[in-house]
Amino acid sequence: MNAIVPAQNQPSYLRADASIGRIVSVTGSKAIVLLDAANETSSHMLNQRPEMGTLLAIEQTRTVVLAIVSALSVPVPAQREGESEIWIAELGLVGELWKARDGKAGSFNRGVTIYPLLGDRVRVATKPELELAFCGDMHNAVRVGCIRQEQTIPSMVRVDDLLGKHFAILGTTGTGKSCTTALILRAILEKNPAAHIILLDPHNEYSTAFTEWGEVISPRNMQLPYWMLTFEELIEVLLGSGESRKAEMEILQELIPIAKSRYSSGREKQNATLRRGLLDPGRFTVDTPVPYRISDLTGLIDERMGKLENKKDLQPYRQLRTRLDMITQDARYAFMFGQLTVYDSMAPILGRLFRVPVNDKPITILELTGLPTEIVNVVVSVICRLTFDFALWGEGHVPVTLVCAEAHRYVPANPTAGFEPCKRAIAKIAKEGRKYGASLCIVTQRPAEIDPTILSQCNTVFALRMSNDRDQAIVSSAVSDTGSGLLEFLPALGQREAIAFGDGVALPVRIKFDELAKHNLPRSSTARFSEKWQKPVGDENFLEQVVERWRAAGSGAGMDPSAQMAMFADAMGIGGPSQADITAAIAPIAAAQLSQREMSDEKSSTARTPEAPEPMALRTNPATAPGNLQANSNRPAAGSLLRRDQPSAPAA
């Protein structure tokens, strides 16, 4: 077909053979192009035929309108070879380049203000136009790959728009979600070394991807004291989700504020001038994040039991007392109930989680494998809630990004599934976090199983290969962009390919991610069955080792006191103690624990000795009476393992 616009009226770089068709329909944000005759066999037609996702340009007087090919069709195919036929391309209008005074394309804007007219010629966008559209201002952008149409042009992500308005990484298992997550985060960290990112890692796979930048927190060195939990979270840990827990809940709801008041009142007596008037013990609630001692709580339960005469009334107290004793001695809960002393460690715990100060480790990797399965959602709930509250009370001075891998576990679409406080905490970040500097990254392989409200708040989406119709439909509904036709590519995307939409990228685009170095890959590779099945297992002790690890992970036995001490010192960043120091400190601790258990079993009615309000360390004096261990530990001894300063050198 002949061009309608005379060649002499076209710009110098638009020669007669540069265009590939003409506009025959414009409807809102879409247009239809009648491509030039298929029987034209010029080298231009062979090389410039558009593909799905190709960015085309439509020349206007003051702008160059950019459009993405979303569909190709032949409505009237030829019946015989050599006959003419009609080729149609459907376009989504996505943006425009405003021309400078010299007629060349200048700045790029999303959206279209000057629409193309019927008969306007269409051509493939040139490389300079692609660079203006996809690169633009690179000051606050990072490279994550290249665009599929022109692999010499980098695919840039705008960090502020990506994080400020949340983003999601979606794809079927095995398509490279973990590598994509690591690639994007590493690109951000390389340009922002003082970032504050916390990554929830349910499969312990990301520590190898951030060896030089990551602070790895695992159940072995994690510290998340029980008193930092809300009442709902604590009930889930202590009592579970059964129906017959109303009586125990009422007991805890009454006694926990009293235990907090006891701790605070004793603390104020020792340091009245420091905090006088700042905290009113009478105003404590079950959700106030202030320390209290489990021994105070069990003491209050014992006192109430001693005043009751009806055996039926004693039952919930006994059950609660038994559950407290059992869970505080369970090695799996040592990160929550295994602290040797109780003191206000909220500030250092927040500093470690959210990297304040950064100390060259701008990302915290929270490994969840090894936690009791029944409280994983509780831990995630606490971390998500702390993320929002930290950003809120920090008044936005320290923006924080929460990366939630396998998010369908924590915010399922089924309203009866999941842990409700966890769902509320993540939803709060998604809905309100932008105002306070709390951003969210959702990583999931099942978009159809995630709460659609959460997904709809993610303004940037990286969609990897997806074959499930329900998942594709959910992604389509979450994308409100004129380039949504690109989602038709989802089942056919290759390895390391994705469709990117939203505010974090300049235009909807099919991108190919850069390849991570081998030493930066997550531990998420698929098992090599054909390689592993070539020869039998040679180690005779293999099964014994498997059973030992299996039992150790699920053991409810109490942790060895020396292991507790080492774990606590490791978690709080205290200098490594010698074995002699540990042995000297453990002797009175073990004796104290044994004495307390015997006293509990005897259910002595003797009034309990008040404990120290804010013990900072354990004295290591062997003469200390076991029953008064905590009461006599008001001040840290020199060289104590729990002191922040360096332990004194042992005598020669």
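The values are calculated or read from the model by the stated rules, or taken from the named source; none is laboratory data. Bear in mind that the values here come from a model prediction, so they are computed numbers and not experimental data. Using ideal geometry, Cβ is built from the backbone for each residue, glycine included, and neighbour counts are taken over all protein chains shown. In case anyone asks, the SASA skips ligands and DNA or RNA and just uses the protein heavy atoms, side chains included. Shrake-Rupley method; radii C 1.70, N 1.55, O 1.52, S 1.80 Å.
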Check: So which residues in the range 355-366 are open to solvent by 20 Å² or more (accessible area, probe 1.4 Å) and either of a type in the set (S, T, N, Q) or part of a helix (DSSP H, G or I) (or both)?
Finding: Asn359
Check: Quick check, is Gly171 surrounded by 22 or more Cβ atoms within 10 Å (Cβ to Cβ), within 19 Å of Pro508 (Cα to Cα), out of contact with any Cys (no Cβ under 8 Å at 6 or more places or on another chain) and not aliphatic (A, V, I, L, M)?
Finding: yes
Next item on the list: Please tell me if Tyr206 is touching a residue at least 24 places away in the same chain (Cβ under 8 Å), over 21 Å from Phe489 (Cα atoms), open to solvent by 30 Å² or more (accessible area, probe 1.4 Å) and of a type in the set (Phe, Trp, Tyr).
Entry: no
Notebook entry, point to check: Within the set of pairs 6+ apart or on separate chains, which have a first residue in the range 117-129 that is within 12 Å of Thr54 (Cβ to Cβ), a second that is open to solvent by less than 30 Å² (accessible area, probe 1.4 Å) and in a helix (DSSP H, G or I), and C-beta atoms under 9 Å apart?
Noted result: Ala125/Ala133
Check: Looking at (1) over 26 Å from His139 (Cα atoms); (2) open to solvent by 20 Å² or more (accessible area, probe 1.4 Å), which is the one condition that is false for Arg496?
Finding: (1)
Note to self: Here's a check for you: in the range 96-139, which residue that is basic (Lys, Arg) and open to solvent by 70 Å² or more (accessible area, probe 1.4 Å) is farthest from Ser29 (Cα to Cα)?
What the structure shows: Arg101
Notebook entry, point to check: Where in the range 18-95 are the strands (runs of 3 or more DSSP E), entirely inside, with at least 1 residues that are under 44 Å from the mean Cα position of the chain (by Cα), surrounded by fewer than 17 Cβ atoms within 10 Å (Cβ to Cβ) and at pLDDT 85 or above?
Noted result: 19-27, 30-35, 63-73
Checklist line | Positions within the range 148-170 being at pLDDT below 90 and in contact with a helix residue (DSSP H, G or I) (Cβ under 6 Å, 6 or more places away or on another chain), in sequence order | finding: Glu150, Ile153
Item checked: Exclusive hit being crowded, with 20+ Cβ neighbours inside 10 Å, closer than 28 Å to Leu353 by Cα and of a type outside the set (Ser, Thr, Tyr), set Glu212, Glu233 -> Glu233
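Per-residue answers, yes or no, for (1) at pLDDT 90 or above; (2) in a loop (DSSP other than H, G, I, E, B); (3) open to solvent by less than 10 Å² (accessible area, probe 1.4 Å):
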{"site": "Ala427", "(1), (2), (3)": "yes, no, no"}
{"site": "Ala430", "(1), (2), (3)": "yes, no, yes"}
{"site": "Cys441", "(1), (2), (3)": "yes, no, yes"}
{"site": "Leu455", "(1), (2), (3)": "no, no, yes"}
{"site": "Phe462", "(1), (2), (3)": "yes, no, yes"}
{"site": "Met466", "(1), (2), (3)": "no, yes, yes"}
{"site": "Arg470", "(1), (2), (3)": "no, no, no"}
Notebook entry, point to check: Within the range 175-205, which residues are in a loop (DSSP other than H, G, I, E, B), in contact with an Asp or Glu (Cβ under 8 Å, 6 or more places away or on another chain) and under 24 Å from Gln472 (Cα atoms)?
Noted result: none
Next item on the list: Quickly run through the range 389-424 and pick out the residues that are open to solvent by 10 Å² or more (accessible area, probe 1.4 Å) and part of a helix (DSSP H, G or I).
Entry: Asp389, Phe390, Leu392, Trp393, His408, Arg409, Glu420, Pro421, Lys423, Arg424
Note to self: Looking at Thr172, Thr208 in this structure, which one is in a loop (DSSP other than H, G, I, E, B) and over 28 Å from Gly338 (Cα atoms)?
What the structure shows: Thr172
Note to self: Filter the range 297-345 down to the residues that are under 30 Å from Ala194 (Cβ atoms) and open to solvent by 50 Å² or more (accessible area, probe 1.4 Å) and list them by number.
What the structure shows: Asp344
Next item on the list: May I ask you to list pairs of residues, at least six apart or on different chains, whose Cβ atoms are under 7 Å apart, with the first in the range 440-459 being touching a residue at least 24 places away in the same chain (Cβ under 8 Å) and the second being surrounded by fewer than 20 Cβ atoms within 10 Å (Cβ to Cβ) and β-branched (Val, Ile, Thr)?
Entry: Gln445/Thr172; Gln445/Thr173
Next item on the list: Look through the range 367-388, keep the residues that are in a helix (DSSP H, G or I) and in contact with a Gly (Cβ under 9 Å, 6 or more places away or on another chain), and return whichever of them is surrounded by the most Cβ atoms within 10 Å (Cβ to Cβ).
Entry: Thr387
Notebook entry, point to check: Is it the case that His196 is at pLDDT 90 or above, on the phi > 0 side of the Ramachandran plot and open to solvent by less than 60 Å² (accessible area, probe 1.4 Å)?
Noted result: no
Next item on the list: Starting from the range 284-306, keep only residues that are farther than 19 Å from Ser345 by Cα, then list their pairs with residues that are in a loop (DSSP other than H, G, I, E, B) and at pLDDT below 85 whose Cβ atoms are within a distance under 6 Å, requiring at least 6 positions of separation or different chains.
Entry: Gly299/Arg608; Gly306/Ser605
Note to self: Being free of Cβ contacts under 8 Å to residues at least 24 places away in the same chain and not small (Gly, Ala, Ser) is the requirement here; does Lys246 meet it?
What the structure shows: yes
Check: Given the residues Glu96, Glu90, which is the only one that is in contact with a helix residue (DSSP H, G or I) (Cβ under 9 Å, 6 or more places away or on another chain), under 26 Å from Ile511 (Cα atoms) and not aliphatic (A, V, I, L, M)?
Finding: Glu90
Next item on the list: State whether one or more residues within the range 213-227 are within 14 Å of Thr364 (Cβ to Cβ) and aromatic (Phe, Trp, Tyr).
Entry: yes
Next item on the list: Note down all Cβ pairs under 7 Å where the first residue falls in the range 367-379 and is at pLDDT below 90, the second is part of a strand (DSSP E or B) and of a type in the set (S, T, N, Q), and they're at least six residues apart or on different chains.
Entry: none
